[in-house]
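Down below is the structure, laid out as structure tokens.
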Amino acid sequence: AGGCSDSAFFSIEVLGAPSASMNITPIDGCGSLETTFSFSSFSADSASLFDGINTVVVDGSDYTVLFDTPGVYEPVLTLFNAAGCSTTVLPLEPITVANIPVALMEMPEPGPYCTGQEIAVVNLSVDPEPNPAINAI
């Protein structure tokens, strides 16, 4: 009022967002698949990782989990700073665990056979590849 003014100054602390990069190896395979989560540029006061099965506390050190059941797993890393701000880190692709294939072939009689003679082998495998390799010994 009347051209008079006053100022008040105070300091506030603004924390940067927590951050990290996550690498998962291997990203796919057959069960039981042992997968390692590695972290780089880890800058967070605390963090939790949902590995696709359980949620665990991580500190930037490598973390290993065993996937016994076939399926698709979508991990999520959540980072927190001291102010409670959070950042979510997702992998580029999910972890995929396939059934272990079981090879089963219906074989012809043991022979003898002539050179050039066709031999029928029937693929009865569980979860077979479309064109399995057959090694004759």
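Filtered by the rule that a residue be in a loop (DSSP other than H, G, I, E, B) and modelled with pLDDT of 95 or more, region 28-49 gives A44, D45.
Counting just the residues of region 72-114 that are polar (S, T, N, Q) and modelled with pLDDT of 95 or more, which one comes out nearest to L124 (Cα to Cα)?
Of the residues in region 72-114, the ones polar (S, T, N, Q) are 78, 81, 86-88, 96, 99.
Adding the requirement that they be modelled with pLDDT of 95 or more leaves 78, 81, 86-88, 96.
Values: T78: 45, N81: 55, S86: 51, T87: 49, T88: 45, T96: 24 Å.
Result: T96.
Among the residues of region 54-110, those that are among the hydroxyl-bearing types (S, T, Y), outside any loop (DSSP other than H, G, I, E, B) and either within 23 Å of S32 (Cα to Cα) or in contact (Cβ under 8 Å) with a residue 24 or more places away in the chain (or both) comprise T55, Y63, T64, Y73, T78, S86, T87, T96.
In region 2-27, the qualifying residues are those that are assigned to a strand (DSSP E or B) and of a type in the set (S, T, Y), and the one that is surrounded by the most Cβ atoms within 10 Å (Cβ to Cβ) is S19.
The values are calculated or read from the model by the stated rules, or taken from the named source; none is laboratory data. None of these values were measured; they are calculated from a predicted model. Backbone-built Cβ (ideal geometry, glycine too); neighbour counts: all protein chains shown.
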